[in-house]
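The values are calculated or read from the model by the stated rules, or taken from the named source; none is laboratory data. For clarity, every value in this text was computed on a predicted model and none was experimentally measured. Quick reminder, even Gly has a Cβ in these numbers, built from the backbone with ideal geometry, and neighbours come from all protein chains shown.
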Amino acid sequence: MLRTTLGLFALLASSAVLAESRNPILTETWSLTVGGYDLDAQAAVTTQSSVFNQRKFKIDLDDLGLETDVSTYWIDAKWQPFERWSFLLEYFSYSENASRGSQFSDSYEFTFKNKVFKGKAGINTGLSSQFDVDIYSLSAAYRIFDNQKAAIDIGVGLHIMDIGLSLSGRADAYLNDAVLADEANSESETLLAPLPNIMVYGAYAFNQQWAVNARIGWLSMNYDEYSGDLLRANTSLEYRPIKNLGLGIGYNFSELDVTRDQSLHSERFDLNFSGPLFYLKGGF
C-alpha cells in the first residue's frame with residue numbers, strides 16, 4: 001500500500017513538472033491579445049441600380065483616392081475552461097476616408113446605386129468617400145492533438161461583417177432615365193452579414209520562451225439572400241520574456257467576397273487585406 005501511494009505521488013509530481021516545463025501558449029486558460037496590422041488593402045463595391053435597367057456598377061475604392069497602405073488594429077480573446085474545449089472572440093476594424101477635388105488633374109465619374117457622381121479637371125467639384133469594415137468572429141474549438149510541444153484545434157463559429165461605403169459630392173440623380181437634379185448629394189451602402197466559418201488553429205513550442213502560431217479559416221456557402229467566400233490565414237512567431245506576457249510578429253492574409261441579392265437590389269463587397277502583424281498578449 002505504501003509503495004502504491006508513493007508511486008502515485010511520484011506520477012503526479014512528474015506530471016506537474018512536465019506541465020510547468022511546457023510553453024504557456026499551450027497551457028494557459030485565459031489570454032487577451034491586442035495587435036496591429038500594416039495592410040495592403042484592396043477593395044471593390046458593386047451595387048445594383050433600380051433606375052438604370054437593374055444594371056450593376058462596380059467601384060474600385062483606390063479610384064476614390066482611398067489609401068491602400070493602411071495601419072489598423074485587432075483584438076483577440078481566448079478562454080479554455082476545459083482540457084480540450086476553448087472559445088475564441090476576435091474583433092477587427094478598418095476605416096478610411098478620402099476626398100477628391102480640384103487638386104486632381106483628371107476628370108472622374110462614378111455610378112453608385114442610383115446616382116452618378118462626376119467632376120471635371122480643374123473645377124472644384126469635391127467628392128468625399130468613407131469606407132468602414134468591422135469584423136467580429138466567435139468560435140468554439142476542440143483540441144484534436146496535444147503533446148509536450150504542439151497542439152492543434154479545430155473549430156466552428158460565426159463571422160459577422162459590418163461593411164459600409166458612403167459617397168458625398170456633386171451628382172446627377174435620375175428618374176425614368178432623365179436627370180432629375182444635378183446638385184450636391186450623398187449616397188451610401190451598408191451590409192451586415194453573419195457568415196459561419198470553419199477554423200483550424202495550431203501552435204508549436206521550441207521551448208518555454210519561443211513558439212510559432214498558425215490559423216486558417218475558410219467558408220464558401222449560400223444561404224437565404226447571402227452568398228460568400230471567406231479565406232483567412234495568418235502565422236506568427238511569439239516570444240515570452242516572462243510567463244504571462246507574449247510578444248509576436250507575423251503575417252496575415254484575408255480575402256472576402258460577400259453578396260446580398262434581393263428582389264430589387266443587390267450589393268457585393270470584394271475585400272483583400274494582407275500584410276505584416278504584431279501583437280502584445282497577456283495570458284494565465
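The table below lists the values:
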| read-out | value |
| --- | --- |
| Verdict on LEU231 being surrounded by 17 or more Cβ atoms within 10 Å (Cβ to Cβ), out of contact with any Gly (no Cβ under 7 Å at 6 or more places or on another chain) and modelled with pLDDT of 85 or more | no |
| Any hit, segment 235-252, residues being assigned to a strand (DSSP E or B), modelled with pLDDT under 90 and within 21 Å of the chain's Cα centre (by Cα) | no |
| Residues located in segment 139-182, provided they are among the aliphatic types (A, V, I, L, M), at pLDDT 95 or above and either buried (at least 19 other Cβ atoms within 10 Å of the Cβ) or not in a strand (DSSP E or B) (or both) | ALA141, ALA151 |
| Restricting segment 191-203 to residues that are touching a residue at least 40 places away in the same chain (Cβ under 8 Å) and surrounded by fewer than 17 Cβ atoms within 10 Å (Cβ to Cβ), the residue that is nearest to LEU247 (Cα to Cα) | GLY202 |
| Single condition ASP106 does not satisfy, out of (1) at pLDDT 90 or above; (2) within 20 Å of ASP60 (Cα to Cα) | (1) |
| Selection within segment 44-77 - under 30 Å from GLU238 (Cβ atoms) and under 16 Å from the mean Cα position of the chain (by Cα) | THR68, ASP69, VAL70, SER71, THR72, TYR73, TRP74, ILE75, ASP76, ALA77 |
